[in-house]
């Protein structure tokens, strides 16, 4: 189940209770949202430290202004927008620079310990490559690729979150896939020679 | 479909078409070792990306910030509550003073004649700016002299 759908179901009961002033519901809501917001922020900023900063700001913002959410859109759509706004604000910070290249290998995921050693090496290499390539994409393409290919959102859902038409979302997705996959294929020795 | 066309199609294809299904691309992938390797690599990288994100979690600082935010919100709510309660108490005190029955303040008794409305009459020509006010008490007459303004 994608982050979005799982979260929407998990908070369906918590949001109205938190809006009525139930402190326990608000606390549970924020804890439920935390990891998803972090992952969104990670895709948007491309850096784990920036993503943590964004996550903190988003949770504080939700804590203080949940009343402003009026239910006209899905809660996850509203939350995604809040996260995007915070990531954008952070990106505008004076003197801030992306620490992408150095972080690419540092933050590569550990491979499944139960898998065959060769498979583990391959999986770890593929994951490190994926992170590096994702960070090389423009932010909009990273977001669309993540929402479409990992979260499984439709073009309409993506357009609602990112404030663009579904056609534009599809175009961004095509560009993102082409850029990412061309890089992947260029790194395969046999294929690179053929291409 | 030849390999060149298949490679181009792989760049745009949905993950489902790379992984299986009955599309023309998939049929070529299943029949061509090199293209199968290419498709597998794309799938491995994109699955690796999903696994990386799935495993990504913020550190504890986020929770600490959350605790601080909650404490700050409670403080703000407390200050608002105290302010509201203070305003309510002040309003209640004013209302009590105004609404509670109280003794009338003594009024100095004035002669009835003075309390009656005076009768006015002009006893001199207007140019002299003199007004004589007769009251109902014949012993009391008020003479009001208005100094004339120069040039008027």
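The values are calculated or read from the model by the stated rules, or taken from the named source; none is laboratory data. Note that the coordinates shown come from a computational prediction; the quantities given were computed from them, not determined experimentally. Note that each Cβ is placed from the backbone with ideal geometry, even for glycine, and that neighbours are counted across all protein chains shown.
Residue by residue, here is whether (1) more than 9 Å from chain B (Cβ to nearest Cβ); (2) assigned to a loop (DSSP other than H, G, I, E, B); (3) surrounded by fewer than 22 Cβ atoms within 10 Å (Cβ to Cβ); (4) under 11 Å from the mean Cα position of the chain (by Cα) holds:
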| site | (1), (2), (3), (4) |
| --- | --- |
| A:17 | yes, no, yes, no |
| A:24 | yes, no, yes, no |
| A:32 | yes, no, yes, no |
| A:40 | yes, no, no, yes |
| A:52 | no, no, yes, no |
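Consider residue A:124 carefully, then state whether it is out of contact with any strand residue (DSSP E or B) (no Cβ under 6 Å at 6 or more places or on another chain), modelled with pLDDT of 90 or more, within 13 Å of residue B:45 (Cβ to Cβ) and within 10 Å of another protein chain (Cβ to nearest Cβ).
no
Just one of B:54, B:30 is modelled with pLDDT of 85 or more, surrounded by fewer than 16 Cβ atoms within 10 Å (Cβ to Cβ) and in a helix (DSSP H, G or I); which is it?
B:30
For the stretch A:68-83, state whether one or more residues are more than 10 Å from every other protein chain (Cβ to nearest Cβ), closer than 18 Å to residue A:142 by Cα and at pLDDT below 85.
no
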